[in-house]
Amino acid sequence: MTNRAAARRYARALFDVSVTEADPAQVGQELDGFATLVVAHADLGRALTNPAVPAARKRAVVTALLDQSAVSPVLAKLLLLLAERDRLVLLGDVAASYGERLLDHQQVVRAEVTSAVPLPDDRVAMLRRSLARVTGREVRLEARVDPSILGGVVTKVGSVVYDGSVSRQLERLKARLAQE
């Protein structure tokens with residue numbers, strides 16, 4: 001099993017327990033905070049992910065960190081389990097997978113719109129409303145600028161890409177002319 005698949009399983013288990021025993025959004029924030037703490041402190045991250053460090057020491061470090069912070073019991077159990085099984089290397093992937101599950105549970109979809117020039121706020125709001133109508137979900141829209149698309153917009157909702165860029169239209173025209 002790949003690390004990503006294992007991380008998804010841990011995240012699914014944590015989410016399922018969080019829905020029944022805790023506030024899933026709060027658990028998600030706590031998990032993100034713990035993952036950020038590990039990444040922000042390089043020595044801590046190296047110690048917790050180094051296979052040469054015994055699992056018992058990793059568990060002791062995690063226990064000490066948990067004693068100094070207020071996290072949900074369900075998250076504490078998961079973090080201790082990851083430490084015992086020497087799987088703390090999965091922490092970032094678990095947090096990402098949990099976040100995806102949480103957004104799905106909250107009926108929220110992430111979208112990204114890329115344009116050649118910055119879009120005005122009213123245009124971004126209009127796109128957000130249109131995408132919400134199409135998806136039937138709340139949309140968290142991130143606007144980016146990429147001058148290489150020349151004009152138009154490229155919108156990505158989940159894994160679906162709507163490419164209305166000028167550069168893509170020129171590619172299509174070039175391909176069609178080459179065929180003829």
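Here are a few things to note about the model shown:
- The range 147-180, residues that are of a type in the set (D, E) and either within 18 Å of Q107 (Cα to Cα) or loosely packed, with under 13 Cβ neighbours inside 10 Å (or both): E171, E180
- The condition (being in the same structural domain as V161 (by TED's automatic domain parsing) and within 30 Å of T155 (Cα to Cα)) is satisfied by just one residue among A96, A111: A111.
Condition check ((1) without any contact (Cβ under 8 Å) to a residue 12 or more places away in the chain; (2) surrounded by 15 or more Cβ atoms within 10 Å (Cβ to Cβ); (3) closer than 15 Å to A96 by Cβ) across all residues:
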position	(1), (2), (3)
T20	yes, no, no
V38	no, yes, yes
D43	yes, no, no
T49	no, yes, no
A55	no, yes, no
T63	no, no, no
S72	no, yes, no
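- Pairs with Cβ under 8 Å, 6+ apart, first in the range 167-180 and free of Cβ contacts under 8 Å to residues at least 60 places away in the same chain, second assigned to a helix (DSSP H, G or I): S167/S148; S167/I149; R168/I149
- You will find that of D32, D16, the residue that is of a type outside the set (S, T, N, Q) and either farther than 13 Å from L91 by Cα or part of a loop (DSSP other than H, G, I, E, B) (or both) is D16 and no other.
- Test: residue in the range 144-156 that is under 29 Å from Q26 (Cα atoms) and touching a Leu at 6+ places or on another chain (Cβ under 8 Å): no
- Residues located in the range 106-142, provided they are under 21 Å from the mean Cα position of the chain (by Cα) and aliphatic (A, V, I, L, M): V108, V109, A111, V113, L131, A132, V139, L141
- Search result, residues across the range 99-131 that are within 24 Å of G164 (Cβ to Cβ), of a type in the set (D, E, K, R) and surrounded by 13 or more Cβ atoms within 10 Å (Cβ to Cβ): R110, E112, R123, R128
- Only one entry of V108, V94 meets the criterion of being at pLDDT 95 or above and either of a type in the set (D, E, K, R) or touching a Lys or Arg at 6+ places or on another chain (Cβ under 9 Å) (or both), and that entry is V94.
- Selected residue [modelled with pLDDT under 95, polar (S, T, N, Q) and assigned by TED's automatic domain parsing to the domain that holds R8] from S159, S72: S72
The values are calculated or read from the model by the stated rules, or taken from the named source; none is laboratory data. Quick caveat: nothing in here was measured; it's all calculated off a predicted structure. Here Cβ is always computed from backbone atoms with ideal geometry, including for glycine, and neighbour counts include all displayed protein chains.
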